[in-house]
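Only one structure is covered here, and it is reproduced in the block below.
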Amino acid sequence: MTTDAILIVDDDEDILTAGKLLLKRHFSQVDTCANPGDIPEKMRATDYAAILLDMNFGPGASSGEEGLFWLDNILQLDPDAVVVLITAHGGVDTAVEAMKLGATDFISKPWQNEKLVATLSAGAKLRQSRSEATQLKQANTALIEAASQPLLGESQAMQRVIQLIERTAPTEANVLLLGENGTGKELAARAIHQASDRRGEVFITVDVGAIPESLFESEIFGHVKGAFTDAKEDKVGRLQAAAGGTLFLDEIGNLPLHLQPKLLSVLEQRKVQPLGSNKLIDIDVRVIAATNMPRTQLTSEDVFRQDLLFRLNTVEIELPPLRDRKDDIATIAKYYIDYYSTKYKRPIKELSEDALDAMLAYNWPGNIRALRHAIERAVILATSDRLDAADLALMASPPVAAAQQPSEVPVDGDLNLQRLEKAAIQEALTRHRYNISHAAKELGLTRAALYRRMEKHGL
């Protein structure tokens, strides 16, 4: 994504050339387009900070109708797009009307260079603000959605978890959540936050495994302007941003050994020192950490500092895998059937006996996340008012012990890329006991890319 790219749309080659020569000194990318029909393709390829759009195309055109038509098309493709119109002096009234329809500003021909640069620079800042507002709204919606999802389960294993959360939440104790991927560790963290005295304050999630080592201190502790080459302004770290609330450190087991003492020092002193600063800042934050790392690994000094572990696990709560709480499968399935039927405006589905039997027989290596995905897909694709086993598309479960005996990816002469990719992903997940970070690293993917491929292949 290019954040300060400009697109000029005009059928006059002289205008395109002049505009590009002027604007390339002020913006990193300036694209030109003589045929407005190419606008959609260019917008799909590049996220433009502003689009400079002529009002008229073709010899003798002066009504501005074509400009209004393409303005509407642009805003349908991207409601947050910033469109600056190019118009002759006689078309000012039409340009003003276009602004009522969503255009940001207009420039009269022949333009003044300083005016054009200033208008597009202001437009680029407006675009950035709109994008940030949209991202904030989406993030807030996702947080509300996630927080509204309860911890489901009547099994003894889940009742023990819920009781521990109820007893722990009102305290200020740090909590360490253990469990395989997809067992609901973030939901448990949110439940602790919502039941605590900090419920009215911020809940900030940090995926430790997704932060590059070189950026960890900047992201968590913050930095001041000039602390390093790209530090062009002060940045508040996540520990400060979570002031008064809760900081959830997900995948804490992936924190490299050499960075662990720095986090330990902050948690012990309850003070943080941003990079490049000599000032210690008091922090008031509750830390909840989570990892899918087995306890046997976590207690190894070669992997995780035990003094940091003791600091994080004042209370330790282990979320059971779904295969150990199969009494809860029907309840969880019903919840997500109702949820996705409402979300996708589909009739509420019933779960057939053969579908429930198939779910109970499945090992669920991806746990609740995998069950949720299977239900979502089934609700979307099912053609009747009942969800059958075939709708769930569950493959035969690999034995749980298979994680200790990795098998080679079967090829058997099959060169189909889709099947090879699926087999490779399944092998990596099995080999690493469904540790997404480790599997993604072996496959040469990011965690997000691996999740997308798992979803594509129904894993």
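Worth pointing out:
- Looking across A355, A390, A374, one residue alone is assigned to a helix (DSSP H, G or I), small (G, A, S) and in contact (Cβ under 8 Å) with a residue 40 or more places away in the chain. It is A374.
- Members of region 28-56 that are surrounded by 20 or more Cβ atoms within 10 Å (Cβ to Cβ) and closer than 19 Å to T87 by Cα: C33, A50, I51, L52, L53, D54, M55, N56
- Candidates L249, L239, filtered to the one that is assigned to a helix (DSSP H, G or I), buried (at least 22 other Cβ atoms within 10 Å of the Cβ) and of a type outside the set (F, W, Y): L239
- Any pair with Cβ under 7 angstrom, 6 or more apart, that starts in region 184-196 at a residue that is open to solvent by less than 10 Å² (accessible area, probe 1.4 Å) and ends at one that is part of a loop (DSSP other than H, G, I, E, B): A188/L151; A188/L319; I192/A169; H193/R199; S196/A169; S196/P170
- Residue, surrounded by the fewest Cβ atoms within 10 Å (Cβ to Cβ), within region 296-337, restricted to residues that are of a type in the set (G, A, S) and under 13 Å from L152 (Cβ atoms): A330
- Condition check for S63: loosely packed, with under 14 Cβ neighbours inside 10 Å, hydroxyl-bearing (S, T, Y), farther than 18 Å from I6 by Cβ and in contact (Cβ under 8 Å) with a residue 24 or more places away in the chain: yes
- Residue within region 53-67 that is modelled with pLDDT under 85 and in contact with a Ser or Thr (Cβ under 8 Å, 6 or more places away or on another chain) present: yes
- Scanning region 408-458 for residues that are open to solvent by 30 Å² or more (accessible area, probe 1.4 Å), among the aliphatic types (A, V, I, L, M) and either assigned to a loop (DSSP other than H, G, I, E, B) or at pLDDT 80 or above (or both) yields V409, V411, L415, L420, A424, L443, L445.
- Test: K349 is surrounded by 14 or more Cβ atoms within 10 Å (Cβ to Cβ), free of Cβ contacts under 8 Å to residues at least 40 places away in the same chain and in contact with a Lys or Arg (Cβ under 8 Å, 6 or more places away or on another chain): yes
- Subset of region 252-288 [surrounded by 14 or more Cβ atoms within 10 Å (Cβ to Cβ), outside any strand (DSSP E or B) and among the hydrophobic types (A, V, I, L, M, F, W, C)]: I252, L255, L259, L263, L264, V266, L267, I283, V285
- Region 219-236 - residue that is of a type in the set (G, A, S) and open to solvent by less than 10 Å² (accessible area, probe 1.4 Å) and, of those, nearest to V287 (Cα to Cα): G222
The values are calculated or read from the model by the stated rules, or taken from the named source; none is laboratory data. These figures come from a predicted structure and were not determined experimentally. Heads up, the Cβs are rebuilt from the backbone with ideal geometry, glycines too, and the neighbour counts pull from every protein chain shown. Accessible surface areas use protein heavy atoms only, side chains included; no ligands, DNA or RNA. Shrake-Rupley method; radii C 1.70, N 1.55, O 1.52, S 1.80 Å.
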